[in-house]
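The values are calculated or read from the model by the stated rules, or taken from the named source; none is laboratory data. Quick caveat: nothing in here was measured; it's all calculated off a predicted structure. Using ideal geometry, Cβ is built from the backbone for each residue, glycine included, and neighbour counts are taken over all protein chains shown. Remember, those area values only see protein heavy atoms, side chains included, never the ligands or the DNA or RNA. Shrake-Rupley method; radii C 1.70, N 1.55, O 1.52, S 1.80 Å.
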Amino acid sequence: MAADNTSSVTEFILAGLTNQPELQIPLFFLFLDFYVVTMVGNMGLITLIGLNSHLHIPMYFFLFNLSFIDFSFSTAIIPKMLTSFVSKKNIISHAGCMTQLFFFCFFVFSESFILSGMAYDLYVAICRPLVYTVTMSPQVCLLFLLGVYGMGVLGAVAHTGNIVFLTFCADSLVNHYMCDILPLLELSCNSSYINVLVVFIVVTIGIGVPIVAIFISYGFILSSILHISSMEGRSKAFSTCGSHIIAVSLFFGSGAFMYLKPPSILPLDQGKVSSLFYTIVVPMFSPLIYSLRNKDVKFALKKTLGRITFS
């Protein structure tokens, strides 16, 4: 850490979720359970999609990657978070903090764009079913995926580059359970209006562009559904979109609440609670949302369990 008030710190202390001693152990086991559920749910969905050939279609190609992103996202955040519940000082090096920040931003941006890709896939399936196979060909899906992870890298580089060259004088206590953008900006002794502006612009692009794409897709989807004459057809179309709408609402709602409000309106302590939703709750619930509402996934699960039982 800093030798004096003018040199930059070389390691940080993560404050964690709470400083109340009686809550530390219960919270440790609570979030450990969350992590196990997230790992089992997402790895289970990845395995099911990989093993069942009838799920090798664009919709499940995107879902496979969403589960991979959620699995990796949780692994970048929760293990270090658990340390804060069982140690007096949860120390992380400057390099470790910047690495966590990079992967945090990478997976947030990747998830934003994979959700918009899934919305486009739904739009083509419902609004242009006759050309679905051509429009969502394997080559197109791979290009989509390159775009998703490419935007993830760009967002992570922009945010990490904006933070990594800042100086952190004397105080090394990060008021969060992870190395997040706003707590680090607040801690820096030379951050400027430009740094805050960069965060706002990059977050607006990372959240704004996918949200606009999702709204446009759902505008066309809603128009097509309203033109379906049978109630059964409408119900089936709405059901197809239901899981995606729930996942989108949870992820973008909590993310926008955290980052698109000035710190004066949303104090960092409240921001920690808000960020729990998109860093822990969303990755945990995504596989449950998609599997419990999806007949194909249920069928694949029964088929796979049947194979295991038979063997």
Report, in degrees rounded to the nearest 10, the 0 to 90 angle that the Cα long axis of helix 295-310 makes with the longest principal axis of the chain. 90
Two-site label geometry, residue 53 and residue 131: point separation in nm, points 7 Å out along Cα→Cβ: 3.0
Please calculate how many Å² of accessible area the chain carries per residue, with a 1.4 Å probe and no DNA, RNA or ligand atoms counted. 49
May I ask you to derive the relative contact order of the chain, considering only C-alpha pairs under 8 Å and at least 6 residues apart, and to give it as an integer percent? 27
Hey, for a label at residue 32 modelled as a point 7 Å past Cα toward Cβ, could you say which residues of the range 78-95 have their backbone N under 15 Å away? 78-87
For the chain, the longest stretch holding no trypsin sites (Lys or Arg not before Pro) located in a DSSP loop with at most 15 other Cβ atoms within 10 Å is which? 90-292
Per the helix-only calculation at 222 nm, which mean residue ellipticity applies to the chain, given -39500 (n - 2.57) for every DSSP H run of n ≥ 4 and division by its residues, nearest 500 deg cm²/dmol? -25500 deg cm²/dmol
Shape verdict for the range 47-93, please, from the Cα gyration tensor: rounded (a/c under 1.5), prolate (a/b greater than b/c) or oblate. prolate
For the chain, the count of lysine pairs 8 or more apart or interchain whose alpha-carbon atoms are under 27 Å apart comes to 12
Enter the angle in degrees (range 0 to 90, nearest 10) between the Cα long axis of helix 282-292 and the first principal axis of the Cα atoms of the chain, meaning the one along which they spread out most. 10
Label the chain by shape, choosing from rounded, prolate and oblate, from the square roots a ≥ b ≥ c of the eigenvalues of the Cα gyration tensor; if a/c is under 1.5 it is rounded, and otherwise prolate applies when a/b is larger than b/c, oblate when it is not. prolate
What is the spin-label model distance, in nm, from residue 166 to residue 139 if the labels are put 7 Å beyond Cα along the C-beta direction? 4.5
Using the 4.7 Å Cβ rule, please list in number order the cysteines from the chain without any candidate partner. 105, 127, 141, 241
